[in-house]
Amino acid sequence: MAKPKALPKTLGACADELKVIKDEMSGLNRELAELQARRTLLETKLIEELPASNAEGIVGKTIRATVVTKRVPVLEDWAAFTKHVKKTGDFDLLRRQVSTEAVEERWEAKKQVPGVGVFNKKKVSLTKK
(Lines give C-alpha, C1' and ligand atoms only; values in the text may rest on other atoms or scores of the structure.)
Protein backbone atom coordinates (compact mmCIF):
# COMPACT_ATOMS: atom_id res chain seq x y z
CA MET A 1 0.00 0.00 0.00
CA ALA A 2 1.28 3.46 -0.89
CA LYS A 3 2.39 5.84 1.82
CA PRO A 4 -0.37 8.38 2.57
CA LYS A 5 0.18 11.83 1.11
CA ALA A 6 0.88 14.57 3.66
CA LEU A 7 -2.16 16.62 4.60
CA PRO A 8 -2.36 20.23 3.42
CA LYS A 9 -1.04 22.80 5.89
CA THR A 10 -4.16 24.99 6.00
CA LEU A 11 -7.77 24.08 6.71
CA GLY A 12 -8.87 25.85 3.54
CA ALA A 13 -6.52 23.69 1.49
CA CYS A 14 -7.94 20.63 3.30
CA ALA A 15 -11.46 21.65 2.26
CA ASP A 16 -10.35 22.25 -1.34
CA GLU A 17 -8.65 18.85 -1.56
CA LEU A 18 -11.69 17.19 0.01
CA LYS A 19 -13.85 18.64 -2.80
CA VAL A 20 -11.42 17.37 -5.45
CA ILE A 21 -11.49 13.89 -3.90
CA LYS A 22 -15.31 13.86 -3.64
CA ASP A 23 -15.58 14.85 -7.33
CA GLU A 24 -13.09 12.15 -8.31
CA MET A 25 -14.97 9.55 -6.25
CA SER A 26 -18.23 10.61 -7.88
CA GLY A 27 -16.73 9.90 -11.30
CA LEU A 28 -15.40 6.55 -10.12
CA ASN A 29 -18.84 5.69 -8.69
CA ARG A 30 -20.38 6.39 -12.12
CA GLU A 31 -17.81 4.09 -13.73
CA LEU A 32 -18.47 1.44 -11.07
CA ALA A 33 -22.24 1.66 -11.70
CA GLU A 34 -21.62 1.14 -15.43
CA LEU A 35 -19.39 -1.88 -14.72
CA GLN A 36 -21.97 -3.32 -12.32
CA ALA A 37 -24.72 -2.93 -14.92
CA ARG A 38 -22.56 -4.68 -17.55
CA ARG A 39 -21.69 -7.44 -15.05
CA THR A 40 -25.38 -7.98 -14.31
CA LEU A 41 -26.19 -8.29 -18.01
CA LEU A 42 -23.41 -10.84 -18.53
CA GLU A 43 -24.35 -12.86 -15.44
CA THR A 44 -28.02 -12.85 -16.44
CA LYS A 45 -27.16 -14.10 -19.91
CA LEU A 46 -25.07 -16.96 -18.49
CA ILE A 47 -27.69 -17.86 -15.84
CA GLU A 48 -30.48 -17.92 -18.43
CA GLU A 49 -28.67 -19.57 -21.34
CA LEU A 50 -26.27 -22.10 -19.79
CA PRO A 51 -28.99 -24.41 -18.39
CA ALA A 52 -30.93 -24.15 -21.65
CA SER A 53 -27.90 -25.41 -23.53
CA ASN A 54 -27.59 -28.39 -21.14
CA ALA A 55 -24.06 -27.27 -20.31
CA GLU A 56 -22.69 -27.37 -16.77
CA GLY A 57 -20.33 -24.55 -17.61
CA ILE A 58 -18.62 -22.73 -20.40
CA VAL A 59 -14.95 -22.09 -21.06
CA GLY A 60 -13.65 -18.87 -22.53
CA LYS A 61 -10.02 -18.11 -23.45
CA THR A 62 -9.10 -17.29 -19.84
CA ILE A 63 -11.84 -18.53 -17.53
CA ARG A 64 -14.44 -21.24 -16.90
CA ALA A 65 -17.90 -20.08 -15.85
CA THR A 66 -20.47 -22.29 -14.12
CA VAL A 67 -23.88 -21.51 -12.71
CA VAL A 68 -24.15 -22.46 -9.04
CA THR A 69 -27.24 -22.42 -6.87
CA LYS A 70 -27.22 -21.20 -3.27
CA ARG A 71 -30.10 -21.32 -0.84
CA VAL A 72 -31.12 -17.86 0.35
CA PRO A 73 -33.75 -17.36 3.06
CA VAL A 74 -36.79 -15.30 2.04
CA LEU A 75 -39.12 -13.95 4.69
CA GLU A 76 -42.66 -14.87 3.61
CA ASP A 77 -44.65 -14.42 6.83
CA TRP A 78 -43.36 -11.72 9.19
CA ALA A 79 -45.96 -12.47 11.86
CA ALA A 80 -45.11 -16.19 11.96
CA PHE A 81 -41.41 -15.40 11.96
CA THR A 82 -41.55 -12.89 14.82
CA LYS A 83 -43.84 -15.23 16.81
CA HIS A 84 -41.21 -17.97 16.43
CA VAL A 85 -38.39 -15.65 17.53
CA LYS A 86 -40.34 -14.50 20.60
CA LYS A 87 -41.30 -18.07 21.54
CA THR A 88 -37.87 -19.64 21.07
CA GLY A 89 -35.60 -16.71 21.87
CA ASP A 90 -33.73 -17.33 18.61
CA PHE A 91 -32.72 -13.69 18.29
CA ASP A 92 -29.67 -14.68 16.25
CA LEU A 93 -32.11 -14.92 13.32
CA LEU A 94 -32.34 -11.12 13.41
CA ARG A 95 -29.77 -8.47 12.53
CA ARG A 96 -29.00 -5.89 15.17
CA GLN A 97 -29.84 -2.80 13.21
CA VAL A 98 -32.34 -0.10 14.01
CA SER A 99 -34.40 1.45 11.23
CA THR A 100 -33.19 5.05 11.31
CA GLU A 101 -36.24 6.28 9.41
CA ALA A 102 -38.73 4.55 11.74
CA VAL A 103 -37.02 5.86 14.88
CA GLU A 104 -36.81 9.40 13.47
CA GLU A 105 -40.55 9.32 12.69
CA ARG A 106 -41.27 8.44 16.33
CA TRP A 107 -38.89 11.10 17.63
CA GLU A 108 -40.59 13.71 15.43
CA ALA A 109 -43.90 12.60 16.98
CA LYS A 110 -42.28 13.14 20.43
CA LYS A 111 -42.32 9.39 21.19
CA GLN A 112 -39.50 7.54 22.92
CA VAL A 113 -38.14 4.21 21.70
CA PRO A 114 -36.94 2.12 24.67
CA GLY A 115 -33.37 0.94 24.36
CA VAL A 116 -32.47 3.39 21.59
CA GLY A 117 -30.01 6.17 22.28
CA VAL A 118 -28.61 8.97 20.17
CA PHE A 119 -25.18 9.23 18.57
CA ASN A 120 -24.48 12.63 17.02
CA LYS A 121 -22.48 11.78 13.91
CA LYS A 122 -20.43 14.63 12.49
CA LYS A 123 -19.64 15.05 8.84
CA VAL A 124 -18.21 17.77 6.64
CA SER A 125 -20.58 19.66 4.37
CA LEU A 126 -19.12 21.27 1.24
CA THR A 127 -20.82 24.19 -0.52
CA LYS A 128 -19.52 26.37 -3.33
CA LYS A 129 -18.52 29.88 -2.29
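The values are calculated or read from the model by the stated rules, or taken from the named source; none is laboratory data. Computed from a predicted structure; not experimentally measured. Using ideal geometry, Cβ is built from the backbone for each residue, glycine included, and neighbour counts are taken over all protein chains shown. Accessible surface is based on the protein model in full, side chains and every heavy atom, while ligands, DNA and RNA are left aside. Shrake-Rupley method; radii C 1.70, N 1.55, O 1.52, S 1.80 Å.
Taking 0.36 nm per residue of separation and subtracting the Cα-Cα distance, full extension of the segment from LEU126 to CYS14 would add 39.2 nm.
Histogrammed with a bin width of 10 Å, the alpha carbon distances of segment 30-75 distribute as 22, 41, 31, 6, 0 percent, first bin at zero. Summing Cβ point charges (Lys, Arg +1; Asp, Glu -1) relative to the Cα centre of segment 1-116 gives a dipole of roughly 420 debye. For ASP77 and ALA102, the FRET efficiency from 1/(1 + (r/R0)^6), where r spans their Cβ atoms and R0 equals 30 Å, is about 0.90.
Relative to the current alpha-carbon distance between ALA2 and ILE21, full extension at 0.36 nm per residue lengthens the span by 5.2 nm.
In nm, what is the difference between 0.36 nm times the number of residues separating GLN36 and VAL67 and their Cα-Cα distance? Difference between extended and current length: 9.3 nm.
Only lysines eight or more places from LYS61 in sequence, or on another chain, were considered; those with a Cα closer than 23 Å are LYS45. Taking chymotrypsin sites (Phe, Trp or Tyr not before Pro) across segment 24-123, the ones in a DSSP loop with at most 14 further Cβ atoms lying within 10 angstrom of their Cβ are PHE119.
Each 5 Å bin, from zero up to the one with the longest distance, holds this percent of the alpha carbon pairs of segment 1-104: 2, 8, 8, 9, 9, 8, 12, 14, 13, 9, 6, 2, 0. When nucleic acids and ligands are ignored and a 1.4 Å probe is applied, ASP92 ends up with an accessible area of around 130 Å². The GNM of the chain, with springs linking C-alpha atoms under 10 angstrom apart, assigns the highest mean-square fluctuation among ALA55, ALA109, ALA37 to ALA109.
Anisotropy class assigned to segment 55-129 is oblate, per the alpha carbon gyration tensor with a/c at or over the 1.5 cut-off and a/b no larger than b/c. Qualifying GluC sites (Glu not before Pro) in segment 66-128, where qualification requires a DSSP coil assignment and no more than 13 other C-beta atoms within 10 Å, comprise GLU76. Rolling a 1.4 Å probe over the protein chains gives SER53 an accessible area of about 70 Å².
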